[in-house]
1. Provide C:Leu218, B:Leu320 ordered by accessible surface of protein heavy atoms (probe 1.4 Å), highest first.
2. Can you tell me how the range C:151-285 classifies by the Cα gyration tensor, rounded, prolate or oblate, using a/c under 1.5 as the rounded cut?
3. For chain C, which DSSP H helices look membrane-span-like by this rule: Cα extent along the axis of 20 Å or more and mean Kyte-Doolittle of at least 0.5?
4. Counting DSSP beta bridges in chain B, what percent are antiparallel, to the nearest 5?
5. Evaluate 2.2 N^0.38 Å with N set to the residue count of the range C:85-241, then give the Cα radius of gyration divided by it.
6. Using helices alone, I'd like the mean residue ellipticity at 222 nm for the protein assembly as shown: each DSSP H run of four-plus residues gives -39500 (n - 2.57), total over residue count, nearest 500.
7. Taking just the C-alpha trace of the protein assembly as shown, give me its Rg and Dmax in Å.
8. Once the mean 1/r over all distinct Cα pairs of the range A:308-351 is inverted, what Kirkwood radius in angstroms do you read off?
Amino acid sequence: MASKLTQSNSAGWAFALPGFGLIALFIVVPFFFAFGLSLTNQRLVSPNPTEFVGLANYKNLLGVGMITLEPERNDAGEILRGQDGEIQYPRVRNYTRKNPDYPHLDGMREWFRWSSGDNAKVVLAKDVVFVKALKNTLTFVVIVAPLQASLALLLALLINQKLRGINVFRTIYFMPVVISIVVVSLLWRFIYSGDNGLLNNILGALTFGLFEPVDWLGQPSTALGAIIAMSIWQAVGFHMVIWLSGLQTISPVLYEAARIEGSSAWQTFKYVTWPGLRNTAVLILIVITMQAFAIFAQIDVMTSGGPLDSTQTLVFQAVERGYGKQDISGGSVISVILFLIVLSISLIQRWLTREKN
Amino acid sequence: MKLTISGAIVAYAAVSGAALAQTELALWYHGAGNEEEAAVLNGAIEDFNNAQGDWTVVVESFPQIAYNDSVVAAALAGNLPDILDIDGPVMPNWAWSGYLQPLQVDETLVSNFLPSTVGRWDGEIYSVGLWDAAVAIMTRQSTLDKYGIRVPTLEEPWSLEEFNAALETIKASGDFDYPLDLGTAWTGEWYPYAFSPFLQSFGGDIVNRDDYQSADGVLNGDAAIAFGEWWQSLFANDYAPGTSQDPAVRDTGLIDGKYAMSWNGNWAATPVLDAFGDDTLFLPAPDFGNGSTIGAGSWQFGISATSAHPDGAAAFIEHLMQDKYTAAFSDTLGLVPATPTAAAQSKYYAEGAPMEVFYGLSEAQALVRPVTPGYVVAAKVFEKALSDIANGGDVIDTLDAAVDEIDADIAKNGGYGH
Amino acid sequence: MAAIDPSNRGLRLVTRYLVLGLVALVFIFPVVFMIVSSLKPDQQLLTDTGSLRAFLPVGDISLDNYFAAFERAPIGKFVFNSVLVTVITVSLSLFLCSLAAFSFTYLEWFGRAALLSVILATLIIPFETIAIPLLLLVSKLPWIGVEGVTYGWLDSYRVQIIPWIADALTVFLFVQYFKDLPRELIEAARVEGATWWQIYYRVVMPLSGPVIATGAILKTLKMYNEQYIWPLISVQSETYRPVMVGLQYFFQLQIAWGEVMAYLTMITVPVLAFYLVLQRAFIASIASTGVKG
């Protein structure tokens, strides 16, 4: 970056202070307050005194363990098998509930397991809902960020044509953005409904009835995907417009030159368009990542984290615990962890997209 | 500004000797968006304001689905009104947390109220309700006749086997999308309110009511596991729509003939009566082994701890407790009147009136949800457990997890003052 | 490729419109469903979701849902509150955030880098996670008004406005944009003896049409569409409630879906109109500045 024009402490502070002061007072201070709460046992409302508990809340959230289960055997030492021939294992609860031989596993629950020979390796977590929320949030980000950014670019290229009436299309593509996510989520519940939903009916009509209706939000295998699709649908128009403003700052002279050189559409994109979109790309990627980590309203309106925790997310859990279960310290812990995760990711992003000169 | 101006008015009144200083009492109510309900409440308030010269009640209405959140936030910020309406099972939490003060009403005044409409905590009355709500299986006489199913009575409700057989018969006929609509679309308080009585009838409970210190053994004991397995079978066998039920179909499915039976509250009874008339049946919950029970405890009125005028607030609540208002609310909203005398005056619950059966249900079967400050969290945990089991989660593991969470919460709150 | 056959060209034009049109369908169908449904009685609305009739204003069409919605809730007041809060917040936000961004981009001062890092770090704090601490904070803050100093901001317009004025994203947008403006302009102005304020006001802001439009759209959407949890916990009187809290008036035990759709349509119209107006300015300003490339 070019060096600053002049040293100017008084003007610099005077210009930055109003904005910075408001952010400090209304975001930074409450955040440190939340951080402080995460080290206590504070309840939302309680006549009991607040106690400092150190990192106990963090340990409860992040504790994981592992156990190897050996198959159940009959008296002859043969492995017991179920109806379909699957090996029978003792229940995990035998080890995790008040078993004096396994004190380090007390209160844990199964997160996932896999087979290793005749044994089963089971990974346990102190807070299975939290680890699932973490996994879902990361999945959501990893899918949404690249997909939404590239779809938005495609739309921007599509809309960046000189055609009569193109403004109408641009307006339509942008329309979902101006509708509240709460409203959008309500509408899409009708679309995804398994009973008499619009999506099932449209797919049925398109395939002449071959399509089997799916309960999109009602089964763990499709619920998160359905929410991802809707989220992209809602937000993609905004990023399209940002791409578009980037595209329109690329000089037509460059395109003209490319045309004279006889470059193909792909070559034009690669050597003219894309280099001109650098700053835009950084902006878009950062914005989408931040927004994706904060996913809350869709979950709150559409699934409340279900079915079977398949759509739990970190912010939803922070809210659910902080308000719903009146556990403000537990909710704050999630907030702090989320902050640390996103901070590390954005530092990495900044490093990767740094200007190499 | 409020302070200085009202201060000036008081000063002026004192000087001029005029008695125009009616003290304002703020009342919060959960009924925003319901015009009929507002009309009844406003009428009662107007009567009160005109009937005496000391107090003026001013109402602020909130949308029901966010009412509790609004109150909790206001309590946190120290901004509560004088009089609140309170959902029955939440009252102990608010009383224990110090939002509420005991309600000074004479015991004789509540002697003929349904027990579930008087909110008691720690030996004191904190809230009084003008009505209760009751849940029943709604269906049609003709439906049961068609499949040769016995009509159950309060004295002889369906047994578990009878109920399952009825569901199977109706399912097998293929005449309906689902034999039973449980209202799984209604997230929130509906789950513990409507479904924990099933668990109780099986012999389990949300928390051990001996001392309210643990859920271990009652929410994951053999009875609870039997309940959980039955609950799961309802969805596995497609007897009932699952947690992704469309809320719109919940409202209309029975009337549209998509569902044969619907587990629903008295507030939803009028549309069913309008549609089916004499063919309508409101049936008691099945007896799963330990008697047939339904949930109890609806909205009630109480006084905030910070109110400077508990005498005025109590005077208003006593004013509301008249039969005429109870009957008016009942006539407007279909609620179960809190007193037999009000029931007799009411449109739906008088002798021979179409919803009289609900009064009988409330009187005979009502079991309040666990009376503990920990209920608020336990209810959420219970809801999630039921939802997970309905979606195929392992019954025992899910119930264990629910027990652990409830017990941890009780421990974190130092036993919730029991 | 080089020689263009007119018929071929016509075909390509048709294909282009076809693609544009199909994509448009994907984006517009829920909106059409919303508007069309708002005209139908509940019973028909729910049956129609089973067929293409969901998108067609057919059957028993009327404005009854709109009249009923007005009976149920003071919609005009909610919209007024939302618009008022949005307009004030967005205006102040654009001003203060661009001013800060100007300082961060062009001025050298002690603590600049540190303050900018702090601001950017707040970009990643979702509001929901600090709502309760913020509530406790604003319930204690002093306010100086006609009646002297009072404490607590709850139940007012200011509690819905002031905490939302400054935000990291708006600052970030302006910083990104200012970085790319030609520095020669500012240096030239400086040489001519302009003050920093004059450079901000006369040189930089007139060149910032696109980013102002982007920032205004983004902030408006946030203020109008996403203000739900905060007013729910910080505002108690109906007098100050915004549209998203008003939505809850329609979720009674028996939900009147037609009224819900009518309400959704009504609260969406102002923000849609706002966008339609602004997008012209937005595009025009991109064309007129032409500073890049």
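The values are calculated or read from the model by the stated rules, or taken from the named source; none is laboratory data. Because the structure is a prediction, the values reported are computed rather than measured. In this analysis, Cβ positions are derived from the backbone assuming ideal geometry, glycine residues included, and neighbour counts consider all displayed protein chains. For accessibility, only protein heavy atoms count, side chains too; no ligands or nucleic acids. Shrake-Rupley method; radii C 1.70, N 1.55, O 1.52, S 1.80 Å.
1. Working: C:Leu218 35, B:Leu320 0 Å².
The residues order as C:Leu218, B:Leu320, largest area first.
2. On the way: a/c = 3.95, a/b = 2.05, b/c = 1.93.
Because a/c hits 1.5 or more and a/b exceeds b/c, the range C:151-285 counts as prolate.
3. Numbers: long enough: C:6-37 (44 Å, 1.52); C:75-106 (45 Å, 1.68); C:209-225 (23 Å, 0.58); C:257-289 (47 Å, 1.31).
Both cut-offs are met by C:6-37, C:75-106, C:209-225, C:257-289.
4. Values: 23 of 39 bridges.
Restricted to chain B, the bridges split so that about 60 percent are antiparallel.
5. On the way: Rg = 17.9 Å, N = 157, 2.2 N^0.38 = 15.0 Å.
Normalised Rg, Cα atoms only: 1.19.
6. Values: 44 runs with 563 residues, N = 1068.
Calculated from helices alone, the mean residue ellipticity at 222 nm is -16500 deg cm²/dmol.
7. 31.2, 102
8. Values: mean 1/r = 0.0893 Å⁻¹.
One over the average 1/r among Cα pairs gives 11.2 Å for the range A:308-351.
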